[in-house]
Amino acid sequence: MTYTVDAAVVGSGPNGLAAAVTLARAGLRVEMHEAAGSVGGGLRCEAYFDGDIRHDVCSAVHPMAAASRFFREFDLAARGVELIGPDIGYAHPLDDGRAGLAFPGLDATCDGLGADGPRWRQLMEPLLEHSTGLVDFFMDGQRSLPGDPVAPLLLAARLLPRRLIRGFRGDVAPALLTGVAAHAVGKLPSLASDAVAMLLGQLAHGAGWPLPRGGSERIAHAMADDVRAHGGTLHTGSLITSLHELDHARAVLLDTGPDQLLRLAGDRLPARYARQLRRFRYGPGAAKADFLVSGPIPWTNPEVGRAGTVHLGGSHTAIARQEGLTVRGTPTGEPFVLLVDPAATDPGRAREGRRPVWAYAHVPNGDPRDPVDLVRSRVEKYAPGFSDTVLAARGVPAGDLETYNPNYRGGDIGAGAMTLYQSVARPVPRLDPWRTPLPGVFLCSASTPPGPGVHGMCGHLAALSALRHRFGIREAPSLGPEPAPPSASPTSAPGGPADPADREGPAGRG
Ligand SMILES: Cc1cc2nc3c(=O)[nH]c(=O)nc-3n(C[C@H](O)[C@H](O)[C@H](O)COP(=O)(O)OP(=O)(O)OC[C@H]3O[C@@H](n4cnc5c(N)ncnc54)[C@H](O)[C@@H]3O)c2cc1C
């Protein structure tokens with residue numbers, strides 16, 4: 001077989017881009033195929049209502065782009081992408097006007113939590129001291145020995161007694177922590193949601209929950225520029241419908257879900273592996289609502305307006321009930337809502353009398369309801385008069401989200417349920433889950449470990465697996481913003497001996 005490129009990456013979400021960056025920096029000739037008209041996947045922005053106001057279509061807030069190993073090495077700041085930390089990382093208004101506030105430092109947060117301040121500090125402070133170790137433990141997909149062995153021990157000491165919330169006396173701290181746990185989009189409480197609460201919770205007091213100045217697309221543009229600078233090519237409007245279209249590539253990396261792998265591969269996949277892929281479970285959906293408003297949100301508690309992210313769901317008990325119904329597929333009239341007013345952190349996102357508001361509600365998978373009124377009434381409860389500021393609104397039901405991006409099945413923005421089992425065995429239980437039984441074909445999307453979020457690690461780890469097994473390259477390339485090396489493609493001169501298993505056909509494997 002004569003290959004004309006070393007690697008083809010299908011899909012240009014943060015993971016596809018991270019894979020392409022890693023491969024191109026290893027000296028491979030890389031081409032990317034993106035079905036949509038622009039690169040970025042979950043990092044795109046669009047001007048929905050007004051030419052000069054850009055809305056984040058999917059992701060808006062980026063704790064993991066501030067903290068993951070891929071992005072620490074890639075160094076967004078050195079590439080001109082400024083991650084702006086809000087005054088308050090996240091806020092959680094309660095029905096009576098009080099609010100939990102997670103400040104960048106622990107002191108202000110704990111002061112605000114009164115009698116529960118010491119318990120909050122006891123939970124967060126040790127994790128914060130081992131923050132990088134904790135992030136790497138999660139983000140390496142638990143496939144390597146932890147670089148900081150204390151971090152997983154600290155985590156286990158918090159999770160295993162199963163009393164994260166019960167340790168508090170008041171109602172503000174439990175609500176504040178439950179809002180973070182709800183990012184796992186599943187049953188509450190659970191080990192998986194508690195783990196998410198600890199990972200994201202401590203980050204709010206350390207690396208932060210920042211917003212990229214100008215919008216999430218800035219991250220995608222920096223990554224795409226790096227791919228091009230290292231000789232890669234990007235084709236937008238290029239929907240791949242079969243792996244045969246990529247026979248000219250020595251390796252194929254799919255920034256897609258397992259269902260697409262099944263479709264793209266046709267009958268080439270071993271039956272057992274295909275069966276395992278079909279068992280992959282999707283989680284509840286997200287229904288997105290965007291607003292153009294005339295001014296800052298009139299929160300009852302004005303401190304909430306200083307936050308980057310606002311969690312709307314009320315008390316711990318109320319959120320657990322809403323999330324439980326959602327997991328069971330029962331629509332609720334008062335869903336948990338995440339809201340971002342980007343201009344509160346990045347005033348450049350607003351114009352005189354016009355600013356964007358981003359929100360989504362947790363709803364059952366495939367829920368056909370337009371979320372605009374649901375979200376509007378949730379905001380109105382904590383910010384009476386919000387509706388009067390709305391100039392325009394746009395809703396995308398969970399059931400329609402996969403039309404925009406097939407990876408979000410039924411509106412599952414996690415690209416697969418984040419249960420404890422599926423956070424490790426993602427999409428199938430394998431030591432190297434990025435590598436499929438098809439020689440040279442790898443999965444690199446959020447449907448692989450470490451799962452959802454803009455951290456680039458699924459793509460980076462998949463690319464390292466491809467380098468090792470397909471090209472015999474065992475050393476991870478440097479990702480830092482140094483000038484591109486002269487192009488040297490191993491298409492004609494492989495970098496070293498590849499794993500012999502990848503020279504076998506699919507027959508007899510799996
Ligand atoms: C509404 C919403 C809000 C979110 N908020 C946040 C947030 O604030 N912070 C955060 O960290 N994360 C957030 N996320 C999650 C985050 O966006 C995703 O986890 C992340 O984008 C996953 O990256 P990915 O590269 O795996 O896939 P994606 O970003 O989904 O990209 C996949 C790309 O592949 C393309 N593609 C798929 N199939 C094909 C094909 N056959 N041929 C060619 N191209 C194809 C798609 O068009 C898409 O561009 C949010 C997601 C949504 C939807």
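The values are calculated or read from the model by the stated rules, or taken from the named source; none is laboratory data. What you see is a predicted model, and the numbers here were worked out from it, not measured in a lab. FYI the Cβ positions are ideal-geometry reconstructions off the backbone, even for glycines, and counts take in every protein chain you see. Side chains included, ligands, DNA and RNA excluded: accessible areas come from the protein's heavy atoms. Shrake-Rupley method; radii C 1.70, N 1.55, O 1.52, S 1.80 Å.
Numbers for the structure displayed
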{"read-out": "Calculated [θ] (222 nm, deg cm²/dmol) that DSSP helices of n ≥ 4 give over the chain, each run adding -39,500 (n - 2.57)", "value": "-9500 deg cm²/dmol"}
{"read-out": "The chain: angle of helix 457-471 to the longest principal axis, Cα-based, in degrees nearest 10", "value": "10"}
{"read-out": "Under the Karplus curve 6.51 cos²θ - 1.76 cosθ + 1.60, θ = phi - 60°, whole-Hz ³J(HN,Hα) for region 413-429, x wherever Gly or Pro sits", "value": "7, x, 6, x, 4, 9, 7, 4, 5, 6, 6, 9, 8, 9, x, 9, x"}
{"read-out": "Theoretical FRET efficiency, 1/(1+(r/R0)^6), r = Cβ-Cβ of Val390 and Ala108, R0 51 Å, to 0.05", "value": "0.95"}
{"read-out": "Whole-Hz couplings from phi, Karplus 6.51/-1.76/1.60, listed for region 152-158; x for Gly and Pro", "value": "x, 5, 4, 5, 4, 5, 8"}
{"read-out": "Restricting region 297-367 to GluC sites (Glu not before Pro) in coil, as DSSP defines it, with at most 12 other Cβ within 10 Å", "value": "Glu352"}
{"read-out": "Rounded FRET efficiency, nearest 0.05, which uses the C-beta distance separating Asp50 from Tyr421 and R0 of 45 Å", "value": "0.50"}
{"read-out": "Most positive-pole-ward Cα, Gln142, Ala173, Pro126, against dipole of region 118-181 from beta carbon charges", "value": "Ala173"}
{"read-out": "Inter-label distance, nm, simple model (7 Å from Cα along the C-beta direction), Arg166/Asn301", "value": "2.6"}
{"read-out": "Carbon and sulfur %, accessible surface of region 267-361 computed with the full protein complex present, 1.4 Å", "value": "50"}
{"read-out": "Test item: Cα-centred dipole of the chain, Lys/Arg +1 and Asp/Glu -1 on Cβ, debye", "value": "1400"}
{"read-out": "Net charge, His235 excluded, C-beta distance under 13 Å - Lys, Arg +1, Asp, Glu -1", "value": "-2"}
{"read-out": "Using alpha carbons only: equivalent-ellipsoid semi-axes of region 144-269, gyration tensor based, whole Å", "value": "40, 21, 16"}
{"read-out": "Ile84/His244 FRET efficiency (R0 41 Å; Cβ-Cβ; nearest 0.05)", "value": "0.35"}
{"read-out": "Most to least packed among 105-115, 3-13, 424-434 [average Cβ atoms within 10 Å]", "value": "3-13, 424-434, 105-115"}
